[in-house]
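Colleague: Okay, handing you the structure first.
The values are calculated or read from the model by the stated rules, or taken from the named source; none is laboratory data. Keep in mind that what you see is a predicted model, and the values were worked out from it rather than measured. Backbone-built Cβ (ideal geometry, glycine too); neighbour counts: all protein chains shown.
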Amino acid sequence: MAKTLKVGLIGLGDIALAHVPGWQASPHTELVAGSYLRPARREIWQQAQTGMKFYDHPADLIADSDLDIIDICSPNMFHTEQVVAALEAGKHVICEKPLAPTPAEIRKMIAARDRSGKLLMTAQHMRYRGASRALKAEIDKGALGEVYHARAWWLRRSDLPPRPTFIYKDRAGGGACIDIGVHVLDMALWLMGYPQPVTVSGTARIGLAHHAGAFTTYEAGLVPPDVDVEDFAAGLVRFENGATLVLEVSWLLHHQPREDVKVWLYGAEGGCQWPSAQLHFSDYEAQQLVDTQLVWTEDPLGPHALECMDFAQAIVEGRPSPVPPEQSLVVQVILDGIYRSQVQGREVRLS
Ligand SMILES: NC(=O)c1ccc[n+]([C@@H]2O[C@H](COP(=O)([O-])OP(=O)(O)OC[C@H]3O[C@@H](n4cnc5c(N)ncnc54)[C@H](O)[C@@H]3O)[C@@H](O)[C@H]2O)c1
């Protein structure tokens, strides 16, 4: 029986709470420490996590020689410094998305990971939904044939998260692209088998956030007037294998009331959509259209918990990182390309 891996959490906000059940349910881990508390949060965590020790500063938690895994749930702009420090201290690291807001920072993390010999995983929890697993298994069996086009979008009509973690460039690194774009882009690329992108033409702009009276239903209130990141972005990506992908993301858009989140893949033999996990084919002999609904079960623990458990399992089994930073680098290279394309007003090369 392998020794229990001791886990320390950095950034005790909303998403950290979603990771806790995973560390508690894994047979391989024990959640023992957390750091950087707002006084209001301290009480919630002390009540919920009896036995956890708390550090005021992340550096002190990282220096704790008892810990084997550091789980980083701080705002985006602190990820790089904390991931690199944790790897250098000899810990395995799981870090919330976006792994970092720029490709250069992810490259630094990859170098630190290589020096440390430890595992680094991005917390892309959507891969752990039942529908995602079911669809990925079908695609990997070749159900779609060669995939030549994908569409990925996450469109919200009035759902801009008004907290500093998300809406200021110096904290978040970007807006809708970085917050929700990374999820659907990772999903599309993962389902496609992570082809190598070569160019992107994109736009990233503040569409409605600076409109007088702009409001958000996210935490019901006015949009802070000094938002300095994009609330809308779109891009067309071309890949080395000839495939293409269209991405659209928004926090504020004159769109349908309900949040609209989808990925579609189109291949030579079939198409599919996520998250409904439906497949679409043509029976050429019978000249008929055929639709298939995949069936899956959802684990009651939920995808955030499952990703943490899988990370621990990968460490114990000596498997590679379930979501390697090299894949998050591809995501960030594309998003960075969209930003550059907006500034330059033309298609840009990604390699
Ligand atoms: N996977 C998902 O579905 C999902 C959802 C929401 C957020 N996230 C990601 O999780 C991260 C945190 O988001 P959140 O919604 O929990 O934000 P949040 O604002 O609720 O929490 C962030 C926490 O980090 C603390 N903090 C601030 N500066 C810090 C520092 N230098 N070091 C350590 N902690 C610090 C804050 O006090 C706060 O408690 C972000 O990277 C975000 O993109 C992921």
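Colleague: When you scan the range 287-299, how many residues do you find that are closer than 22 Å to Leu9 by Cβ and free of Cβ contacts under 8 Å to residues at least 40 places away in the same chain?
Modeller: 0
Colleague: Out of all the residues in the range 122-151, which are touching a Pro at 6+ places or on another chain (Cβ under 7 Å) and within 14 Å of Ala305 (Cα to Cα)?
Modeller: Thr122, His125, Met126, Tyr128, Arg129
Colleague: Could you grab me the full set of residues in the range 283-303 that are farther than 15 Å from Ala143 by Cα, polar (S, T, N, Q) and not in a loop (DSSP other than H, G, I, E, B)?
Modeller: Within the range 283-303, Gln288 is the sole residue that qualifies.
Colleague: Quick one: which residue in Met77, Met121 is under 30 Å from Val295 (Cβ atoms) and assigned by TED's automatic domain parsing to the domain that holds Ala314?
Modeller: Met121
Colleague: So, Asp179, is that one out of contact with any Leu (no Cβ under 8 Å at 6 or more places or on another chain) and within 18 Å of Gln332 (Cβ to Cβ) or not?
Modeller: Yes; evaluated as a whole, the condition is true for this residue.
Residue-wise test of (1) in contact with a helix residue (DSSP H, G or I) (Cβ under 9 Å, 6 or more places away or on another chain); (2) within 20 Å of Leu119 (Cα to Cα); (3) among the basic types (Lys, Arg); (4) modelled with pLDDT of 90 or more.
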| position | (1), (2), (3), (4) |
| --- | --- |
| Ile15 | yes, no, no, yes |
| His19 | yes, yes, no, yes |
| Trp23 | yes, yes, no, yes |
| Thr29 | yes, yes, no, yes |
| Ser35 | yes, no, no, yes |
| Gln49 | yes, no, no, no |
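Colleague: Next up: Considering only the range 42-80, state which residues are more than 14 Å from the ligand (Cβ to nearest atom), among the β-branched types (Val, Ile, Thr) and loosely packed, with under 14 Cβ neighbours inside 10 Å.
Modeller: Scanning the range 42-80 gives a single hit, Thr50.
Colleague: Tell me, please, whether a residue that is hydroxyl-bearing (Ser, Thr, Tyr) and either in a helix (DSSP H, G or I) or touching a Pro at 6+ places or on another chain (Cβ under 8 Å) (or both) can be found in the range 317-339.
Modeller: yes
Colleague: Give the range 168-179 a look and list any residue that's more than 9 Å from the ligand (Cβ to nearest atom) and part of a helix (DSSP H, G or I), or say none.
Modeller: Within the range 168-179, Lys169, Asp170, Ala176, Cys177 meet the criteria.
Colleague: Here is a follow-up. Given the structure, is Leu208 among the aliphatic types (A, V, I, L, M), farther than 17 Å from Glu96 by Cβ, assigned by TED's automatic domain parsing to the domain that holds Ala234 and within 16 Å of the ligand (Cβ to nearest atom)?
Modeller: no
Colleague: Which ones in the range 1-41 are near the ligand (Cβ under 10 Å from one of its atoms) and touching a Phe, Trp or Tyr at 6+ places or on another chain (Cβ under 7 Å)?
Modeller: Once the filter is applied, which keeps residues that are near the ligand (Cβ under 10 Å from one of its atoms) and touching a Phe, Trp or Tyr at 6+ places or on another chain (Cβ under 7 Å), the range 1-41 yields Ile10, Gly11, Leu12, Gly34, Ser35, Leu37.
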